[in-house]
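Q: Take a look at this one; I'll ask things after.
The values are calculated or read from the model by the stated rules, or taken from the named source; none is laboratory data. Predicted model only: the values in this text are computed from it and were never measured. As a convention, Cβ positions derive from the backbone with ideal geometry for all residues, glycine included, and neighbour counts pool all protein chains shown.
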There are 2 protein chains.
Amino acid sequence: MKRKITLKQIAKELDVSVSTVSKALSNSKEISEDTTQKIQAFAKLYNYKPNNIALSLKNRKTKTIGILIPEIVHHFFSTVIRGIERVANRRGYNVIVGLSNESFTKEIINMEMLASGSIDGFILSISKETLLKQDYHHFNATIDQGMPIVMFDRVVNEVDCDKVIVDDFNGAVKAVKKLVENDCKNIALITTMDYVSVGRLRTQGYLEALQSSGIEANSNLILKIDDSLDVENNLEVLETEIAHFFKSNQNIDAVFAVNELYAVSAMKVASKLGMRIPDDIQVIGFTDGVLSKHATPSLTTVSQHGQKIGEQSANLLIDRLEAEDVSTEQYFTNNEKKRDFIKMVIETEIIERESTK
Amino acid sequence: MKRKITLKQIAKELDVSVSTVSKALSNSKEISEDTTQKIQAFAKLYNYKPNNIALSLKNRKTKTIGILIPEIVHHFFSTVIRGIERVANRRGYNVIVGLSNESFTKEIINMEMLASGSIDGFILSISKETLLKQDYHHFNATIDQGMPIVMFDRVVNEVDCDKVIVDDFNGAVKAVKKLVENDCKNIALITTMDYVSVGRLRTQGYLEALQSSGIEANSNLILKIDDSLDVENNLEVLETEIAHFFKSNQNIDAVFAVNELYAVSAMKVASKLGMRIPDDIQVIGFTDGVLSKHATPSLTTVSQHGQKIGEQSANLLIDRLEAEDVSTEQYFTNNEKKRDFIKMVIETEIIERESTK
DNA sequence: TGTCAACACGAAAACGTTTTCGTTAAATAT
DNA sequence: ATATTTAACGAAAACGTTTTCGTGTTGACA
């Protein structure tokens with residue numbers, strides 16, 4: 001077993017100083033051609049790679065970014081990670097992930113753990129519990145310590161930072177308008193409780209689309225699912241609730257659901273109740289995941305472009321990190337203002353499949 | 001903006017030495033009660049947290065483990081990550097992820113990037129291209145540099161390290177035997193090309209189960225999908241291939257598929273061809289993901305327990321890392337042998353749903 | 001009064017880099 | 001022959017810790 005070689009060892013072996021080795025490896029012309037050759041050859045032979053930790057300590061930057069998300073076994077979030085990793089890698093950064101598991105406390109612990117030097121900045125999406133508590137001090141605290149944050153999807157006005165969001169409102173509008181165009185008269189909405197902002201925005205989009213189409217909203221056609229109960233593992237509960245909803249509103253001829261699972265469940269229940277899709281009832285869901293693509297019939301969805309969200313988030317963060325470099329450098333000579341915080345909106349797109357006409 | 005405070009700053013502010021501060025914060029009894037109190041109060045006030053990077057450099061360990069997987073938008077892999085993150089977090093480790101994207105080169109680049117000090121050990125699953133090339137020198141090289149590796153799922157004999165695998169062979173056997181018990185006479189297999197070991201093992205399990213049940217294997221009933229074509233985005237290709245397969249083998253009364261997608265596609269095609277599930281044809285898939293749960297009808301599957309795989313992998317790795325500590329310490333006084341490499345087999349489980357009787 | 005522990009603290013090294021600032025010797029200029 | 005530049009390299013500081021080893025000041029004790 002040969003441990004990784006260090007500058008010091010090379011220096012000793014070649015009987016030169018550490019500084020000489022360092023300079024030679026960076027092709028400094030302070031060092032003679034001869035010794036440079038010799039040192040580089042030796043380094044290559046022993047496969048020398050500078051120690052990242054030492055570099056991090058010296059440069060006071062780690063070249064890694066921290067991702068903090070509520071859940072990873074989730075198509076949207078993993079797609080975002082993929083996007084982040086792509087540009088992070090391209091731009092020379094590593095990616096370290098923390099999972100809040102939708103818990104306020106775990107979110108804080110994770111942040112503190114990572115903020116103590118391990119990373120240069122955060123990309124995160126707020127946990128449900130934090131949204132409920134409306135306690136955002138930990139975000140502001142880490143920003144205050146000079147660590148930039150980029151929030152995506154689940155964002156919040158109380159924190160001043162770059163944000164990347166999907167256009168939930170207009171996505172919902174588009175979806176519902178498509179149903180209206182398809183001659184649907186009684187469009188139902190299946191949504192979540194209001195505290196998750198994305199759910200609220202999609203609901204508002206639904207209402208807006210109805211209104212601008214001259215259709216009066218009917219609160220009987222809105223089903224709010226309490227997602228404090230873990231529907232993912234309680235499918236029957238969800239399905240019976242939807243079934244009950246359908247039965248007491250026989251006139252429903254379309255469903256817009258704020259996520260994939262609700263939409264697919266609605267289709268399943270509708271089929272069981274003998275309705276044909278899309279002839280008797282059309283369905284559109286938000287979030288374009290595996291379920292939508294492979295359901296029977298396949299589901300028309302509003303795609304959020306998770307990967308793009310990840311890529312933009314990473315670019316925003318890294319841009320800011322590398323802009324900080326020069327601004328710190330020129331802190332006293334150059335009085336340029338810091339870049340203002342950016343709120344980037346990713347447009348949604350409707351992917352038409354078999355569940356609509 | 002108040003930057004993070006350091007020992008040196010505390011020392012200066014309180015007019016003591018850095019060593020005193022360090023000792024006081026670790027409750028060393030070398031320091032008097034008074035100064036300890038004073039220092040701890042001050043540290044708490046300014047929310048002092050030791051700098052991880054400095055600690056890593058000093059201790060020559062980073063307390064982070066590197067995950068290197070082919071793909072993250074994938075139910076199985078993200079489940080494994082969740083498992084890893086769980087125990088890593090519990091045991092005080094962070095998790096840094098790299099994505100090989102099934103590419104040999106990206107795998108190597110990622111490994112080298114992480115192996116240069118950023119992590120203490122790897123948990124990884126080999127990329128398809130690497131398996132094809134059968135070139136494993138980068139794994140052996142990093143092991144040789146003293147960095148432990150745990151491989152999961154896609155493992156290989158040529159590398160000596162801890163491994164966590166799912167019992168693909170017996171999982172397949174169980175599945176096929178269940179079909180046999182359910183009175184199926186002509187059980188088809190939908191599988192991949194052979195170079196991914198898990199596909200091969202599942203195929204062998206299929207054959208074994210048939211043989212031990214006294215059924216003669218019929219090569220016409222085996223469909224091999226060329227997964228070099230990206231079926232995920234070419235569903236039609238997959239489906240027409242399966243349709244063709246069904247039409248030329250009208251007697252098929254059951255399908256065992258080596259993954260979820262193939263199984264769900266088979267169900268879809270079967271339905272289109274007018275077969276009823278599970279009455280005319282029963283289906284079992286490998287890998288228990290979202291698709292299986294939410295398909296109509298829902299799919300009976302062989303569950304791989306991805307989270308458990310992740311947890312075990314992390315425990316194996318961390319155990320080894322922390323065992324190394326003492327063995328290094330007592331290197332000369334204690335001649336204990338290193339722990340042998342462990343191959344841990346996670347049993348599969350059949351999750352019965354609507355696609356079987 | 002002189003000796004010796006005990007106590008409380010500081011100096012310095014070490015982890016592996018990079019970079020600034022010498023320093024020496026040779027080469028060139030005066 | 002002397003002064004000055006240039007080439008080639010080394011010493012040391014710095015990043016933020018922890019830890020080992022001093023060191024000075026007490027108080028007790030003979």
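Q: Might you let me know whether segment B:69-87 holds any residue that is within 16 Å of DNA strand D (Cβ to nearest atom) and either without any contact (Cβ under 8 Å) to a residue 24 or more places away in the chain or in the same structural domain as B:A323 (by TED's automatic domain parsing) (or both)?
A: no
Q: Here is a follow-up. Any residue in segment A:126-148 that is surrounded by fewer than 23 Cβ atoms within 10 Å (Cβ to Cβ), touching a residue at least 40 places away in the same chain (Cβ under 8 Å) and within 14 Å of chain B (Cβ to nearest Cβ)?
A: Scanning segment A:126-148, I find at least one residue that is surrounded by fewer than 23 Cβ atoms within 10 Å (Cβ to Cβ), touching a residue at least 40 places away in the same chain (Cβ under 8 Å) and within 14 Å of chain B (Cβ to nearest Cβ), so the answer is yes.
Q: Also: Go through segment B:6-24 and give me each residue that's more than 8 Å from DNA strand C (Cβ to nearest atom) and in contact with a helix residue (DSSP H, G or I) (Cβ under 8 Å, 6 or more places away or on another chain).
A: B:L7, B:K8, B:I10, B:E13, B:L14
Q: Within segment B:203-236, track down each residue that is surrounded by fewer than 17 Cβ atoms within 10 Å (Cβ to Cβ) and more than 23 Å from B:L131 (Cβ to Cβ).
A: B:Q211, B:S212, B:S213, B:G214, B:I215, B:E216, B:A217, B:N218, B:S219, B:N220, B:L235, B:E236
Q: Would you mind stating whether B:K61 is within 12 Å of DNA strand C (Cβ to nearest atom), under 25 Å from B:R86 (Cα atoms) and among the charged types (D, E, K, R)?
A: yes
Q: If I filter segment B:285-301 down to residues being assigned to a loop (DSSP other than H, G, I, E, B) and more than 10 Å from chain A (Cβ to nearest Cβ), which single residue comes out as farthest from B:H75 (Cα to Cα)?
A: B:L299
Q: Just give me the residues in segment B:28-46 being within 12 Å of DNA strand C (Cβ to nearest atom) and outside any helix (DSSP H, G or I), in sequence order.
A: The answer is B:S28, B:K29, B:E30, B:I31, B:S32.
Q: Another question, then. Is at least one residue of segment B:67-90 surrounded by 16 or more Cβ atoms within 10 Å (Cβ to Cβ) and more than 41 Å from the chain's Cα centre (by Cα)?
A: Looking for residues that are surrounded by 16 or more Cβ atoms within 10 Å (Cβ to Cβ) and more than 41 Å from the chain's Cα centre (by Cα), one finds none in segment B:67-90, hence no.
Q: Check A:N249, A:N233 and return the single one that is in the same structural domain as A:L189 (by TED's automatic domain parsing) and either aliphatic (A, V, I, L, M) or at pLDDT below 95 (or both).
A: A:N233
Q: To continue, here is another question. Hey, among the residues in segment B:4-17 that are in a helix (DSSP H, G or I) and more than 11 Å from DNA strand D (Cβ to nearest atom), which one's surrounded by the most Cβ atoms within 10 Å (Cβ to Cβ)?
A: Within segment B:4-17, the match that is surrounded by the most Cβ atoms within 10 Å (Cβ to Cβ) is B:L14.
Q: Can you find a residue in segment B:90-113 that is of a type in the set (S, T, Y) and facing chain A (nearest Cβ under 8 Å)?
A: no
Q: Of all residues in segment A:47-89, which are basic (K, R) and either part of a helix (DSSP H, G or I) or more than 8 Å from chain B (Cβ to nearest Cβ) (or both)?
A: Hits for segment A:47-89 are A:K58, A:R60, A:K61, A:K63, A:R82, A:R86.
Q: Between a first residue in segment B:199-213 that is over 18 Å from B:V255 (Cβ atoms) and a second residue that is modelled with pLDDT of 95 or more and aromatic (F, W, Y), which pairs have beta carbons less than 7 Å apart while being 6 or more apart in sequence or on different chains?
A: Qualifying pairs under 7 Å: B:L201/B:F169.
Q: While we're looking at this one, here's another question. Those residues that are surrounded by 13 or more Cβ atoms within 10 Å (Cβ to Cβ) and within 9 Å of DNA strand D (Cβ to nearest atom), I need them from segment A:23-37; list them, please.
A: Within segment A:23-37, A:K23, A:A24, A:I31, A:T35, A:T36 meet the criteria.
Q: Could you check A:T20 against (1) within 30 Å of A:K308 (Cα to Cα); (2) near DNA strand D (Cβ under 9 Å from one of its atoms) and say which number it fails?
A: Looking at each condition in turn, A:T20 falls short on (1).
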